[in-house]
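S.K.: Take this structure first; my questions come after.
The values are calculated or read from the model by the stated rules, or taken from the named source; none is laboratory data. As the structure is a prediction and not an experimental result, all values here were calculated from the model. Here the Cβ positions follow ideal geometry from the backbone for every residue, glycine too, while neighbour counts run over all protein chains shown.
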Amino acid sequence: MAGSEQPRLTVGSLLGLRLGSVPEAQPAVVTVDGGVGDELEGPNWIVEGGEASRGHPSAWRGDGIEALTFNNPFGQVMERVWFDGKVVYAVDLGAVIVDPAEVKVAQEYQIVYAVQLDEHGRSAGVPERVEGQLNIYDTVPGMDRYSPIWQFNYVVVPRNYVANTLKSEGDCLASGYQIVRSQDFEN
């Protein structure tokens, strides 16, 4: 495929499917003596419990959560986040310091009761987060605006806010709540 025809991936998805698409059915590979047919390698393999088979699981569960299977062999910090009203998975690789005028960044919204920034626009202390609220991403891999570097936008909500009422960038922007753009970044 060339240029814009490349598959658009979801966050954490190893399926290679465009967001919201349904995979084509693939014939099952016959297992012979614990192997996968006559193939030593191939596309569209699923490995579960050490057993390889061919196929694609659905990209999304019925409740709108990304149908990701991942065994995390390196013990990376993972989180669930909202993207456009759906739950996707992300790997947290830690804080970074970048110049957003020089480095492409995506926007992450964190729902908080309070946040204080220092003279450089970075968090001065730990923001007072809403317990149980998932962070919100504005993009996922494959979108033109996507970047693996996230700039934190703190959405300051009242104490009576119900966790996970906001589930998308659009929700945050239309909420009327104060949004504090910081110079806090994460990869």
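S.K.: Which residue pairs have Cβ atoms closer than 8 Å, lie 6 or more positions apart in sequence or on different chains, and pair a first residue in segment 52-71 that is under 22 Å from SER168 (Cβ atoms) with a second residue that is modelled with pLDDT under 75 and acidic (Asp, Glu)?
M.R.: From segment 52-71, no pairs qualify.
S.K.: Among what's in segment 134-159 and is part of a strand (DSSP E or B) and hydroxyl-bearing (Ser, Thr, Tyr), pick the residue that is farthest from the chain's Cα centre (by Cα). Show your work before the answer.
M.R.: Just the residues of segment 134-159 that are part of a strand (DSSP E or B), to begin with: 135-137, 150-156.
Now narrow it down to the ones that are hydroxyl-bearing (Ser, Thr, Tyr): 137, 154.
Values: TYR137: 7, TYR154: 18 Å.
Per the criteria, the residue is TYR154.
S.K.: Can I ask one more? Does GLN107 meet the test of being in contact with a Lys or Arg (Cβ under 8 Å, 6 or more places away or on another chain) and touching a residue at least 60 places away in the same chain (Cβ under 8 Å)? Can you show your working first?
M.R.: Working: in contact with a Lys or Arg (Cβ under 8 Å, 6 or more places away or on another chain): no; touching a residue at least 60 places away in the same chain (Cβ under 8 Å): yes.
When the stated conditions are applied, GLN107 does not pass them.
S.K.: Scan segment 77-98 and give yes if some residue there is part of a loop (DSSP other than H, G, I, E, B) and without any contact (Cβ under 8 Å) to a residue 24 or more places away in the chain, otherwise no.
M.R.: The initial filter retains those residues of segment 77-98 that are part of a loop (DSSP other than H, G, I, E, B), namely 84-85, 93-94, 97-98.
Still in the list and also without any contact (Cβ under 8 Å) to a residue 24 or more places away in the chain: none.
Scanning segment 77-98 turns up no residue that is part of a loop (DSSP other than H, G, I, E, B) and without any contact (Cβ under 8 Å) to a residue 24 or more places away in the chain.
S.K.: Follow-up. Which of (1) in a loop (DSSP other than H, G, I, E, B); (2) modelled with pLDDT of 95 or more; (3) under 29 Å from ALA174 (Cβ atoms); (4) not hydroxyl-bearing (Ser, Thr, Tyr) is the odd one out, the single condition GLU119 does not satisfy?
M.R.: So GLU119 meets the others, but not (3).
S.K.: Read through the list (1) in contact with a helix residue (DSSP H, G or I) (Cβ under 8 Å, 6 or more places away or on another chain); (2) among the polar types (S, T, N, Q); (3) loosely packed, with under 14 Cβ neighbours inside 10 Å, then give the number of the only condition that GLN116 fails.
M.R.: Status for GLN116: all satisfied but (1).
S.K.: Looking only at segment 147-187, which residues are free of Cβ contacts under 8 Å to residues at least 12 places away in the same chain and touching a Ser or Thr at 6+ places or on another chain (Cβ under 9 Å)?
M.R.: THR165
S.K.: May I pose another question? Considering ALA90, ALA114, ALA95, ALA124, which residue is among the aliphatic types (A, V, I, L, M) and within 29 Å of TRP60 (Cβ to Cβ)? Please lay out each step first, then the result.
M.R.: Details: ALA114 fails: within 29 Å of TRP60 (Cβ to Cβ); ALA95 fails: within 29 Å of TRP60 (Cβ to Cβ); ALA124 fails: within 29 Å of TRP60 (Cβ to Cβ).
Unique residue meeting the criteria: ALA90.
S.K.: If only one of GLU108, GLU102 is modelled with pLDDT of 75 or more, closer than 20 Å to TRP150 by Cβ and in a strand (DSSP E or B), which one is it? I'd like the intermediate steps shown before the answer.
M.R.: Values: GLU102 fails: in a strand (DSSP E or B).
Going through GLU108, GLU102 in turn, just one is modelled with pLDDT of 75 or more, closer than 20 Å to TRP150 by Cβ and in a strand (DSSP E or B): GLU108.
S.K.: Can you tell me which residue is surrounded by the fewest Cβ atoms within 10 Å (Cβ to Cβ) among those in segment 160-187 that are among the polar types (S, T, N, Q) and in a strand (DSSP E or B)?
M.R.: Step one: of segment 160-187, the residues among the polar types (S, T, N, Q) are 160, 164-165, 168, 175, 178, 182-183, 187.
This time we only want the ones that are in a strand (DSSP E or B), so: 178, 182-183.
Working: GLN178: 10, SER182: 18, GLN183: 16.
Only one residue tops the list, namely GLN178.
S.K.: Under 6 Å between Cβ atoms, at least 6 apart or on separate chains: pull out the pairs that start in segment 124-146 with a residue that is among the charged types (D, E, K, R) and end on any residue that is outside any loop (DSSP other than H, G, I, E, B).
M.R.: Once the first residue is among the charged types (D, E, K, R) and sits in segment 124-146, its partners that are outside any loop (DSSP other than H, G, I, E, B) give GLU128/VAL112; GLU128/TYR113; GLU128/ALA114; ARG129/VAL112; ASP138/ALA106; ASP138/GLN107; ASP138/GLU169.
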